[in-house]
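Here is the structure we will look at, set down as structure tokens.
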Amino acid sequence: MQQPFFKRSSVQLAACAATAAALVACGGSGDDLPPSRSAGLVYGTPTVAAAATGGSTVSVAVLTRDGMKTISTAPVSTEVATALQAQLAPGDLVDWIPGATADQAAAAPDPAQTFNVLMSKGSATAAQFDMSRYGVEVSRHEGAPGPMVAAGWVYGKTPGTITVGDGGLVKADMAGRAYDTPIKRYEETFQVARDVKVFAVDTSDYAKSAASDYASIPVTANYDYSTTSRQAAYLLFDRNHERADKAKVVAIWYFTPQSTSDGKPVWDVPTLSPLLADKGNDPVSGQPYVAINATGVTAAPYTRSTEPFEMVKDTLYFVGDNEVSSYILKADMGTPNDKSDDKIIKIDAGWANSGYQYWKNMELLGIDPRSVTDLWLTHGHGDHYGTVVEQLRMMDNVGKKLTLWGSKEDTTGIQSDLQGNSWNIAPALPASETEIRARTTEFYKFDQWYEFGNVRIMVIFSPGHTPGSTNMLFQVKNPVDGKFVTFGYHGGYGFNGMERPTATNGWRRLAWQHGFSYLQQKLEVDFVAPQHANHFPIVEVYQALKAYNRDPANANKQLTMLDALRSKVFDSPVVAGQSITSEFANQLEKRRSVVSYKATDNAARTRMSLETSGPFKPGRENGLVNVRATVLDDARIVQGFVGAQNKNPLIPLLADGMPTTLDPYTNDPNGYYVQVSIDVQDPLYKGYLPEGYTQFSPGMGTSITYQGGPIESTHAERGTYHPPEVLRTVRLASLQDAQKVLARIVKGGTYTISLTPASEIVVPADPAQTFQ
Ligand SMILES: [Zn+2]
């Protein structure tokens, strides 16, 4: 599949026609190349020498467009020289400002940027891919974007062209209906300059790297996933992305020994998806396709690639992969007819190795990744900030501004909570992410709407998964009917590291549980915009929708994502004409039950729930008997987790819903709880776990001295004794019992209740007596 190289917008064409000066810049004669930095691949260890004129020079062996050179810098301070030496390693693709001769690097305005490292091959076996026009490029120089760089596996070669791509190949849709042409997730064919410089780079011993020629570049045998030996290459072009239509490849570094791929099949849907259950067995491994867990994304990013899709017409898009989400929101800023102030807001930035996929996905939707104006990060984990630096580089290269948003708590740590309590809790963002930290200029204000015209975003501080995790709500105006729909973006995928109470995670376990209940209780959400595609089946819903729409029988009844996504759980009970469980509340319930319930301990030996093991809110180690409490809302019935998510009989592949393999033990559609926002007259508990609080953990059989941290005090709302809690009853075995409890509660009423050590409201033999 050859992509058109360059789609010039009519605006640019008009600008080119406007003036004679512009004609020079827009001409295609080959003598209009802007000055640029040189680029090459390091194949030796750099050395530092004292310069005759003072200071030091750095020399490094590089495979360049001009041949095998030892490039020496102009004299720099010894400190800078040492830093440059440490920065450069064999296998690095680097750029520099050309000096007076082909083996000199000129002084850079910032000496530390005498060399910039663009990509690092090292000795890693991990696959590396880079689109030509997006992602990694040679650095900007003298006001012009640098020449393009690409990377991938070599899939084809003619005397004048070379084709590179990844390992994503899709032959049929999820209903098994074949595509006329298999979809290659990433593949580009480039023009090759007649005098292209070619190097065979030996990654097992870089010193053995040597000049080669175009005819000698091996080509990967075929696209079959069972073809595990693959030819990897880096490519350098003579032009930047603005002239991609004229660009030719002028240098190729191909790597020996060849790369290996994992030999496992690749699907559009998440690995282990129920949609693979009818796909039979893999002839290579003999295993059922549904049972094959794909190699992780850091080693083989293409295993998680999937196609992007529109969720709300012209406004909300999914551009992530089939494991982690990334969304685009197109905001008109309240001036729908004026494009000049529009914002392109990107939510989360995925895995570091997968940038090329996200840029490709955006391009497929007609969005230039360089048009992003704002990047919002939910929390400081590498599967969400992975491509931030690459995105920043891309923007730097074209001289555009990107505003980076994050939670202060995950960027600099928690110094205080919203009740004014002081803390000293380290952030999740690793110290090594200096650039992200330095360039995050906007910290979220919580619990309020950011208004962008047709798009509104609210951020809710929800520690647990990390100290600074956030949840987000997106309100998006549907241009079809002019009505706003609300999507809930729940932050934090894993329970990793919180399975059992430790000194450091205790407050996060309690805060995590609180966050789920708070979201269920306070927010009305129409649809789920999941943070991970294997927590809520957003990608499967799209693929099922696509298969439905491709069925010729449905040609006259095409559906959209808003038809395919369920707002309410299909099989949830209906009370007073309303289904009681939303898909969003249901997704939250799954995660909440993992941390909360004893069933967790029975289902997974590694897990110790709050019920059995705490921590318990201070002073409630033996529960509370007959305490007074004021009900602050209308209370609601919460159903136990319904395993089949987004069941939607409109679409055949969704007819039974999507049960995910994560946390199956929480499947409990016959359990019910009454949950309420409540002000408990408990002077011992302050809405947080105090620093250094020691408590016995029955499940662990030992006392734990906990680090402190905020729980309900993550919100500004005030109660009588502490910030209001969102509490729920112990499990009720029927909807009728839940209705009996609910019938006794009136907002504003003060009742006598009892609590278990885990702060669950005790239900007596007669459920109607729960709130007295
Ligand atoms: Zn995370």
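The values are calculated or read from the model by the stated rules, or taken from the named source; none is laboratory data. Here the structure is a predicted model, which is why all the values come from computation and not from measurement. Using ideal geometry, Cβ is built from the backbone for each residue, glycine included, and neighbour counts are taken over all protein chains shown. These area figures cover heavy atoms from the full protein model, side chains too; ligands, DNA and RNA do not enter into them. Shrake-Rupley method; radii C 1.70, N 1.55, O 1.52, S 1.80 Å.
Some values worked out for this structure:
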quantity: Contact order relative to length of the chain, as percent, for alpha carbon pairs under 8 angstrom and 6 or more apart; calculated: 8 percent
quantity: Surface per residue (accessible, 1.4 Å probe) for the chain, Å²; calculated: 38 Å²
quantity: Rounded tilt (10° steps) of 583-596 against the dominant C-alpha axis of the chain; calculated: 80 degrees
quantity: Summed side-chain charge close to residue 197 - residues other than residue 197 whose Cβ falls under 9 Å, Lys, Arg +1, Asp, Glu -1; calculated: -1
quantity: Reduced Cα scattering model of region 650-729, Debye log10 I(q)/I(0), q = 0.12, 0.24, 0.26 Å⁻¹; calculated: -0.64, -1.11, -1.14
quantity: Proximal aspartates and glutamates to residue 264, defined as alpha-carbon separation beneath 16 angstrom and excluding residues fewer than eight positions away on the same chain; calculated: 166, 224, 282
quantity: Helical mean residue ellipticity (222 nm; -39500 (n - 2.57) per DSSP H run of 4+; nearest 500) of the chain; calculated: -4500 deg cm²/dmol
quantity: Shape of region 348-397, Cα gyration tensor, a/c cut at 1.5; calculated: prolate
quantity: Whole-angstrom gap from region 211-290 to region 62-139, using each part's C-alpha centre; calculated: 26 Å
quantity: Scattering curve values for region 34-120, log₁₀ I(q)/I(0), Debye with Cα scatterers, q = 0.14, 0.22, 0.25 Å⁻¹; calculated: -0.39, -1.02, -1.34
quantity: Taking only Cα atoms of region 567-772, radius of gyration then Dmax in Å; calculated: 17.9, 55
quantity: Rule-of-thumb Rg ratio for the chain [Cα; 2.2 N^0.38 Å; N residues]; calculated: 1.05
quantity: Mean shadow area of region 260-380, taken as a quarter of the surface of its Cα convex hull (nm²); calculated: 9.1 nm²
quantity: Global form of region 202-327, assessed from the alpha-carbon gyration tensor, a/c cut-off 1.5; calculated: oblate
quantity: Local electrostatic count at residue 710 - Lys and Arg +1, Asp and Glu -1, tallied over other residues with Cβ under 12 Å; calculated: -2
quantity: For region 118-183: span of alpha carbons on each principal axis (Å, largest first); calculated: 52, 28, 28
quantity: Mean Cβ neighbour count within 10 Å, used as a protection proxy, ranking 535-545, 198-208 highest first; calculated: 535-545, 198-208
quantity: Per-peptide average of other Cβ atoms within 10 Å, ordering 274-284, 701-711, 592-602 highest first; calculated: 592-602, 701-711, 274-284
quantity: Selected from 430, 83, 255, residue furthest toward positive end of dipole (the chain; charges at beta carbon); calculated: 430
quantity: Stokes-Einstein D for region 448-547, Kirkwood Rh over Cα pairs, 37 °C, 0.692 mPa s (µm²/s); calculated: 217 µm²/s
quantity: Most to least packed among 191-197, 748-754 [average Cβ atoms within 10 Å]; calculated: 191-197, 748-754
quantity: Cross-link pairs 408/483; 522/590; 343/400; 69/246; 346/477 - those with Cα-Cα distance over 24 Å; calculated: 408/483; 69/246
